[in-house]
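What follows is one structure encoded as structure tokens, with my remarks underneath.
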Amino acid sequence: MEELPAAEADEHDSVGAVIATRALTKRYRGGQLAVDGLDLTVPEGSVFGFLGPNGSGKTTTIRMLMGLIDPTSGTARVLGQPMPRAARAVLPQVGALIEGPALYGFLSGRDNLLRYDAADPTADPRTRRTRVAAALDRVGLTAAAGKKARAYSLGMKQRLGLAAALLQPRRLLVLDEPTNGLDPQGMREIRSLIRELAAEGTTVFLSSHLLDEIEQVCTHAAVMAQGRLITQGAVAELAAGTRGRLVVTTPDTGDAARVLKEQGAGDVVITDDRVTAEPPERDLADVNAALVRAGVRVRGFGVERASLEDAFVALTGEGFDVAG
Amino acid sequence: MSQAEVVRRTGATEGARKTSPLWTFGLLRSELLTTFRRWRTLALLAVLAAVPILVGIAVKIETSDGAGGPGGGGGGPAFISQITNNGLFLVFTALAATLPFFLPMAIGVIAGDAIAGEANAGTLRYLLVAPAGRSRLLLTKYATTMAFCLVATLVVAVSALTVGALLFPLGDLTTISGTRISFAEGLLRALLIALVVAASLIGVAALGLFVSTLTNSGIAAMATTVGLLITVQILDQIPQLHAIQPYFFSHYWLSFADLMRDPVYWDELVKNLGIQALYAGAFGSAAWARFMAKDITA
Ligand SMILES: Nc1ncnc2c1ncn2[C@@H]1O[C@H](COP(=O)(O)OP(=O)(O)OP(=O)(O)O)[C@@H](O)[C@H]1O
Ligand SMILES: [Mg+2]
């Protein structure tokens with residue numbers, strides 16, 4: 001991994017941040033406040049999950065980071081340089097998939113990539129064909145490369161969009177919902193591709209509303225809701241911030257609930273043959289013994305690890321729904 | 001070694017890459033290829049090529065009927081009556097017939113779609129994060145539109161020359177001023193006229209490009225540009241608007257006929273080119289200002 005030059009690192013407090021925003025705000029012309037005072041820090045080498053329900057401002061943030069729209073206020077730095085001012089220097093090192101792929105339907109998949117590569121000022125025309133072939137190979141599209149993009153399926157288009165982001169070695173990959181439209185096999189392939197790229201040292205910034213997708217591949221995550229950042233940090237810490245729940249599986253749910261309350265467990269909930277609760281402070285072995293002593297027939301007993309979804313619900317106090 | 005490994009080896013560790021010096025031409029080449037490989041572009045050119053064929057055949061049928069001189073009098077200058085004597089006049093007639101509407105309409109489609117069409121398809125955002133650069137992309141688009149102006153005009157001229165040679169005799173010709181010039185000089189003047197006609201379209205091209213930066217719908221931009229074209233053409237016919245007509249981009253279009261005078265009468269030709277430069281400057285700057293500040297949300 002490379003060191004940021006000292007002069008660049010000095011300019012913002014988060015050393016080694018590949019993306020750093022300060023009070024980044026976007027109000028669309030219609031008056032919609034899409035992103036509100038965002039302070040985002042993406043560490044170098046991370047696989048960063050950018051989470052949020054539909055309409056929470058993920059794509060708007062990504063568009064500002066890529067210099068496509070101007071922020072209403074606040075600043076954004078990508079690879080240590082201000083955006084959109086340094087777009088010419090920054091963007092060749094960034095591969096992006098923004099709000100789905102966009103292709104020239106009347107060109108073949110290969111010609112689409114040749115065109116996008118020609119638009120990159122740092123792309124060497126002499127290696128263009130080789131690099132395009134390699135990118136197609138990497139996303140498994142070699143066989144369909146000669147087909148008109150109009151005739152591609154949604155998943156094939158998504159793959160071609162990814163290939164365009166991989167035309168050059170990149171320091172940062174920005175992927176806005178990259179598994180959209182992919183079959184389970186395709187999703188797995190993308191996840192392993194992301195891990196592979198991360199292992200090579202590429203920082204991956206991945207937006208998604210699929211919580212388990214983020215949990216599976218990301219080292220870090222940030223959660224957005226209604227344009228505001230709710231939390232960010234390492235995935236392990238985010239999930240650890242929420243305690244797991246004690247789960248007892250038993251046919252005697254009423255008795256079990258009573259005993260758990262006696263043992264100091266809070267928020268006891270009965271669903272079918274499961275009783276779940278906030279685990280009490282005491283040793284859980286004693287809780288289990290108490291259940292057995294009371295004649296509760298225990299089929300299963302354990303603590304379920306908190307998922308990112310639990311963490312999200314705990315943070316927002318609400319579900320993962322679209323805000324109006 | 002797999003091809004993926006090749007990519008990884010070619011400089012995964014080097015920082016900012018150098019801009020390759022020939023890049024601008026690469027972008028222009030890609031733009032030209034993309035434009036001229038579209039079916040729509042080819043269809044427009046086919047329509048333009050068909051006009052001289054239809055005019056040529058119509059004149060041929062009319063004269064073989066023994067009706068003598070043609071009636072009506074096509075587009076402006078009375079070139080059409082000379083076609084039966086000399087096929088080269090079909091070039092002038094065809095250009096005069098397509099310049100008021102067919103040619104600028106084709107340019108309006110290409111120019112109007114230039115930015116708005118890419119925005120519509122979403123490809124604009126990927127060109128900009130490539131990063132093509134907004135000024136450079138706009139310049140490339142304008143250069144491509146101008147290239148289309150030239151190609152479209154030449155398609156009309158070449159088609160007319162071919163049809164003219166096939167259906168009518170060729171030879172020395174009489175200028176509007178009544179003097180005789182050789183066929184070779186006539187050809188040279190035809191080429192010059194084609195170039196002037198192509199240059200006459202620069203203003204429409206700039207106007208179309210500006211409209212194209214205003215919207216994210218390619219169809220809307222094309223329709224607006226063609227609508228403006230028709231409006232201006234109509235206004236140019238209304239006598240009460242005499243005072244402002246010299247500023248219409250189409251006002252001096254038919255001045256290209258002056259190249260067939262002997263000596264050439266330059267006054268209106270120069271005025272025409274001046275107007276085109278004015279439109280290119282004004283709407284080019286407006287397009288640039290608009291495109292630089294535009295939020296790319298499509
Ligand atoms: N061009 C636009 N003009 C006005 N408002 C917009 C525009 N684009 C987005 N918005 C609004 O900004 C907010 C954030 O939208 P954004 O596209 O950033 O959400 P998102 O997090 O990417 O959602 P999704 O998960 O559905 O992709 C939404 O309320 C949306 O209605
Ligand atoms: Mg989005």
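The values are calculated or read from the model by the stated rules, or taken from the named source; none is laboratory data. It should be emphasised that the depicted structure is a prediction, and the values quoted were computed from it without experimental measurement. No Cβ is skipped: glycine too gets one built from the backbone with ideal geometry, and neighbour counts run over all protein chains shown. Surface accessibility is based on the protein's heavy atoms, side chains included, excluding ligands, DNA and RNA. Shrake-Rupley method; radii C 1.70, N 1.55, O 1.52, S 1.80 Å.
What percent does the relative contact order of chain B come to when contacts are Cα pairs within less than 8 Å and at least six residues apart?
RCO, chain B: 23 percent.
Per residue of A:107-120, how many C-beta atoms from partner chains lie within 10 Å of its own C-beta, taken as a mean?
5
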Next item on the list: Note down the magnitude of the dipole of chain A about its Cα centre, charges +1 on Lys and Arg C-beta and -1 on Asp and Glu C-beta and zero elsewhere, to the nearest 20 debye.
Entry: 1500
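Give me the summed buried accessible area for the B-A pair, 1.4 Å probe, to the nearest 100 Å².
Values: alone 14920 and 15620 Å², together 26680 Å².
Buried surface at the B/A interface: approximately 3900 Å².
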Notebook entry, point to check: Add -39500 (n - 2.57) for each DSSP H run of 4 or more in the protein assembly as shown, then divide by its residues: what number comes out at 222 nm, to the nearest 500 deg cm²/dmol?
Noted result: -15500 deg cm²/dmol
Note to self: With the alpha-carbon atoms as the only input, what is the per residue convex hull volume for region A:243-305 in Å³?
What the structure shows: 70
Check: What FRET efficiency comes out for the pair residue A:270/residue A:39, r = Cβ-Cβ distance, R0 = 45 Å, nearest 0.05?
Finding: 0.60
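With Cβ to Cβ distances under 12 Å as the rule, what net charge do the other residues near residue A:208 carry (K, R +1; D, E -1)?
-3
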Item checked: Pairwise label distance in nanometres, residue A:304 with residue A:212, each label 7 Å out on the Cα-Cβ vector -> 1.2
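Out of all Cα-Cα pairs in chain B, roughly what percent, to the nearest whole number, are more than 31 Å apart?
Taking all Cα-Cα pairs of chain B, the fraction more than 31 Å apart is 38 percent.
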Next item on the list: Run the numbers on region B:96-126: which residues show a drop of 10 Å² or more in accessible area, chain on its own versus all protein chains together, using a 1.4 Å probe over heavy atoms?
Entry: B:118, B:121, B:123, B:125, B:126
Notebook entry, point to check: Considering only protein heavy atoms, what is the solvent-accessible area of residue A:41 at a probe of 1.4 Å, reported in Å² to the nearest 10?
Noted result: 40
Item checked: Compactness index (Cα Rg / 2.2 N^0.38 Å), the protein assembly as shown -> 1.32
Notebook entry, point to check: Rounded to a whole number of µm²/s, how large is the Stokes-Einstein D of region A:6-240 at 25 °C and 0.890 mPa s, given Rh as the Kirkwood radius over C-alpha pairs?
Noted result: 135
Notebook entry, point to check: Where nothing but the Cβ of Lys and Arg (+1) and of Asp and Glu (-1) is charged, how large is the charge dipole of the protein assembly as shown around its Cα centre, in debye to the nearest 20?
Noted result: 1420
Margin query: Tell me the angle of helix A:154-165 to the major Cα principal axis of chain A, expressed in degrees between 0 and 90 and rounded to the nearest ten.
Written below: 60
Notebook entry, point to check: What number comes out for the charge environment of residue A:117, summing +1 per Lys or Arg and -1 per Asp or Glu over other residues with Cβ under 10 Å away?
Noted result: +2
Item checked: Neighbourhood net charge (13 Å Cβ-Cβ; Lys/Arg +1, Asp/Glu -1) for residue A:174 -> +2
Next item on the list: Can you work out the PRE-style zone for residue A:292? Point 7 Å along Cα to Cβ, and I want the residues of region A:242-264 with backbone N under 11 Å.
Entry: none
Item checked: Cα-based Lys proximity count in chain A, under 30 Å, for pairs eight or more positions apart or on separate chains -> 5
Item checked: Listed residue (B:152, B:283, A:160) projecting farthest to the positive dipole end of the protein assembly as shown, Cβ model -> B:152
Item checked: Test item: Cα-centred dipole of chain B, Lys/Arg +1 and Asp/Glu -1 on Cβ, debye -> 1200
Margin query: Contact order normalised by length for region A:6-240, with contacts defined as Cα pairs under 8 Å and 6 or more residues apart; what percent is it?
Written below: 27
Checklist line | Peptide B:127-139 - average C-beta neighbours from other chains (10 Å radius) | finding: 6
Check: Under a 1.4 Å probe, what is the accessible area of the protein assembly as shown per residue, stated in Å²?
Finding: 43
Item checked: Accessible area of the protein assembly as shown belonging to carbon and sulfur atoms, whole % at 1.4 Å probe -> 58
Notebook entry, point to check: Roughly how crowded by other chains is peptide A:82-92, in terms of the mean Cβ count from those chains within 10 Å of each of its Cβ atoms?
Noted result: 3
Notebook entry, point to check: Under a point spin-label approximation (7 Å from Cα along Cα-to-Cβ), what is the residue A:228-residue A:86 distance to one decimal in nm?
Noted result: 3.1
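So between residue B:282 and residue B:85, what do we pick up on full extension, going 0.36 nm a residue minus the alpha carbon distance?
Value of the extension gain: 66.5 nm.
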Notebook entry, point to check: What does the highest-first list of B:284-290, B:123-129 look like by mean Cβ count within 10 Å?
Noted result: B:123-129, B:284-290
